[in-house]
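Notes follow once the structure below has been shown.
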Amino acid sequence: MSVRDAFALVLAGGSGERLSVLAAERAVSAVPFGGKYRIIDFTLSNCCHSGVRRVGVLTQHSPASLHDHIGSGRAWDLDGREPGIVILQPYLTREHARWYRGTADALAQNWDAIEDSRAERVLVLSGDHVYKMDYRALVHPHERTRAAVTIAVLPVAPERTRRFGMVTTEPDGRVVRFEEKPQHTDARLASMGVYLFETGVLREALRGHPVDLAVDVLRPLVEAGERVQTCLFEGYWEDVGEIATYHRASLDLLKPEPRLQLHDARWPVLTRDEERPPVLLLPGADVQGSLVANGCRVAGRVRNSVLFPGVTVHPGAEIVDSVVMLDVSVGRGAHVHRSILDKFARVGEGAMVGEGERSDEPALAWLDGLTLVGKDAAIPDGARIGPQVVVGVGAGDADFGAGRLAPGTRGSDRMATQGLV
């Protein structure tokens, strides 16, 4: 049996608190990445290239932009005669009215879709990871060992183990211990959030109304002695659900030999694209070591940065070590340093964003020294926005007071109430 016969379920309903302003009005999986893509494009592209033809996307938090992006699934060849792609979200009936409580509960609430698929195996995937993987690699170890579940794993450094589900295995790859985000562990293999279940095993595991897939399903299966097998993955993989990892993964694309190849014709990342004119480099443009998408107009200096479609860099402006999303305008003489600017933001003339001394305050460590500017925000001319500042969605002149925001500034009440800092 091939992975083509499995029913793939993509968990894409996360609210993304760790991405702060970037996920204020969209699901994590819908966050733009890599100059023209959305994060979920990587998982859906993997499904397409692996031959998976039945895909369900489980959504919940701010799903509108994600639904619009996926559409009929045409970009990933999932709109044919076969079942293709279906959006699964919480719904209201006379007997049923509740949000998904967690990843396992999301699967349980959509069990009728799994049953209707008549699939003997269920491929459970996360929609907020960036990687390229042939899911057919899971099938061989799964069938060879007659596993109940096969988990894709990869080695991680000791200092990163607290971010992941960590597994300890026997020499043949069988999991003997599963720890969810342990503070201390000797395990070195992390779960990638890619699971191949026998449908009958998953059905029984969900009968007890579990909430979390790792804690309430996988760990009990291991402890009960079920055969949970691993499949070692040796390629690039990153959980971009945090500001630091999102920024790092974005700039990793700019290396001379990036581990994640966006230009690999053998395994292209597919997306719903939009027509934009070619990049226009105007007199005074100076671009080095950067990704610049179609529709950009550059008359300033860009270094080691990712520019999404439609970005305008006015004369004398400078962008360094930053991610600048769709249709952002950086005014004449403005400087943007180690920042992430969401779509439609405007940086006024002569404004400084992200420059200055960063704070060592532990409460600001999650920002990794970065400055975040929310969608539709307008930074006034000449404003000074230091590092480790979060500018809220739609912020305007009235939100900047004297025009100077120091590291860790909460901003106005309007900005703070959106949970951005």
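The values are calculated or read from the model by the stated rules, or taken from the named source; none is laboratory data. This one's a predicted model, so the numbers in the text were calculated from it and none came from an experiment. So basically every Cβ, Gly included, is an ideal-geometry build from the backbone, and we count neighbours across all protein chains shown. For accessibility, only protein heavy atoms count, side chains too; no ligands or nucleic acids. Shrake-Rupley method; radii C 1.70, N 1.55, O 1.52, S 1.80 Å.
Yes or no: the stretch 140-147 includes at least one residue that is polar (S, T, N, Q) and under 22 Å from ASP212 (Cα atoms). Lay out the reasoning, then the answer.
Filtering the stretch 140-147 for residues polar (S, T, N, Q) gives 145.
When the remaining residues are screened for being under 22 Å from ASP212 (Cα atoms), the result is none.
Within the stretch 140-147, not a single residue is polar (S, T, N, Q) and under 22 Å from ASP212 (Cα atoms).
Tell me, which helices (runs of 4 or more DSSP H) lie completely within the stretch 199-280 with 1 or more residues that are among the β-branched types (Val, Ile, Thr) and under 18 Å from the mean Cα position of the chain (by Cα)?
Values: elements: 199-205, 219-223, 243-252.
Filter on the stretch 199-280 gives 243-252.
Of the numbered conditions (1) crowded, with 18+ Cβ neighbours inside 10 Å; (2) in contact (Cβ under 8 Å) with a residue 12 or more places away in the chain; (3) not aliphatic (A, V, I, L, M), THR245 fails exactly one; give the number of that condition.
Going through the list (1) crowded, with 18+ Cβ neighbours inside 10 Å; (2) in contact (Cβ under 8 Å) with a residue 12 or more places away in the chain; (3) not aliphatic (A, V, I, L, M), THR245 breaks only (2).
Please count how many residues of the stretch 138-147 are open to solvent by 10 Å² or more (accessible area, probe 1.4 Å) and within 17 Å of VAL122 (Cβ to Cβ).
Taking the stretch 138-147 and keeping what is open to solvent by 10 Å² or more (accessible area, probe 1.4 Å), we get 139-141, 143-146.
When the remaining residues are screened for being within 17 Å of VAL122 (Cβ to Cβ), the result is 139, 141, 143, 146.
Within the stretch 138-147, residues that are open to solvent by 10 Å² or more (accessible area, probe 1.4 Å) and within 17 Å of VAL122 (Cβ to Cβ) number 4.
In the stretch 385-421, which residues are farther than 14 Å from GLY354 by Cα, at pLDDT 85 or above and in a loop (DSSP other than H, G, I, E, B)?
Matches in the stretch 385-421: GLY392, VAL393, GLY394, ALA395, GLY396, PHE400.
If I go through the stretch 35-79 residue by residue, how many of them are among the acidic types (Asp, Glu), part of a helix (DSSP H, G or I) and open to solvent by 10 Å² or more (accessible area, probe 1.4 Å)?
Count: 1.
Out of all the residues in the stretch 60-91, which are farther than 16 Å from ALA106 by Cβ and modelled with pLDDT under 85?
Hits for the stretch 60-91 are ASP79, GLY80, ARG81, GLU82, PRO83.
Condition test on ARG160, is it touching a strand residue (DSSP E or B) at 6+ places or on another chain (Cβ under 8 Å), free of Cβ contacts under 8 Å to residues at least 60 places away in the same chain, exposed (fewer than 15 other Cβ atoms within 10 Å of the Cβ) and over 22 Å from ALA106 (Cβ atoms)? Walk me through it before giving the result.
Working: touching a strand residue (DSSP E or B) at 6+ places or on another chain (Cβ under 8 Å): yes; free of Cβ contacts under 8 Å to residues at least 60 places away in the same chain: yes; exposed (fewer than 15 other Cβ atoms within 10 Å of the Cβ): yes; over 22 Å from ALA106 (Cβ atoms): yes.
It is true that ARG160 is touching a strand residue (DSSP E or B) at 6+ places or on another chain (Cβ under 8 Å), free of Cβ contacts under 8 Å to residues at least 60 places away in the same chain, exposed (fewer than 15 other Cβ atoms within 10 Å of the Cβ) and over 22 Å from ALA106 (Cβ atoms).
Yes or no: ALA6 among the aliphatic types (A, V, I, L, M), buried (at least 23 other Cβ atoms within 10 Å of the Cβ) and within 16 Å of the chain's Cα centre (by Cα)?
Working: among the aliphatic types (A, V, I, L, M): yes; buried (at least 23 other Cβ atoms within 10 Å of the Cβ): yes; within 16 Å of the chain's Cα centre (by Cα): no.
Considered against the rule, which asks whether it is among the aliphatic types (A, V, I, L, M), buried (at least 23 other Cβ atoms within 10 Å of the Cβ) and within 16 Å of the chain's Cα centre (by Cα), ALA6 comes out as no.
Return the pairs, sorted by first residue and then second, in which the second residue is open to solvent by 40 Å² or more (accessible area, probe 1.4 Å) and part of a loop (DSSP other than H, G, I, E, B), the first residue lies in the stretch 51-65 and is closer than 14 Å to ILE40 by Cα, the beta carbons are less than 7 Å apart, and the residues are 6+ apart or on different chains.
Every condition considered, the pairs that remain are THR59/GLN89; PRO63/GLN89.
Quick check: anything in the stretch 247-263 among the polar types (S, T, N, Q) and closer than 18 Å to ASP134 by Cβ?
Going through the stretch 247-263, the residues among the polar types (S, T, N, Q) turn out to be 250, 261.
Remaining after also requiring closer than 18 Å to ASP134 by Cβ: 261.
Within the stretch 247-263 (the criterion being among the polar types (S, T, N, Q) and closer than 18 Å to ASP134 by Cβ), the answer is yes, since at least one residue qualifies.
Residues that are out of contact with any Cys (no Cβ under 6 Å at 6 or more places or on another chain), at pLDDT 95 or above and of a type in the set (S, T, N, Q): does the stretch 254-261 have at least one?
Scanning the stretch 254-261 turns up no residue that is out of contact with any Cys (no Cβ under 6 Å at 6 or more places or on another chain), at pLDDT 95 or above and of a type in the set (S, T, N, Q).
Quick one: SER290 ticks every box in (1) more than 20 Å from ILE40 (Cα to Cα); (2) touching a helix residue (DSSP H, G or I) at 6+ places or on another chain (Cβ under 7 Å); (3) among the hydroxyl-bearing types (Ser, Thr, Tyr) bar one, so which box is it?
(2)
Please work out which residue is least open to solvent (accessible area, probe 1.4 Å), limiting yourself to the stretch 178-196 and to residues that are among the charged types (D, E, K, R) and in a strand (DSSP E or B). So that I can check it myself, show each step before the final result.
Taking the stretch 178-196 first, the residues among the charged types (D, E, K, R) are 179-181, 186, 188.
So of that shortlist, the ones also in a strand (DSSP E or B) come out as 179-180.
Working: GLU179: 24, GLU180: 63 Å².
Within the stretch 178-196, the match that is least open to solvent (accessible area, probe 1.4 Å) is GLU179.
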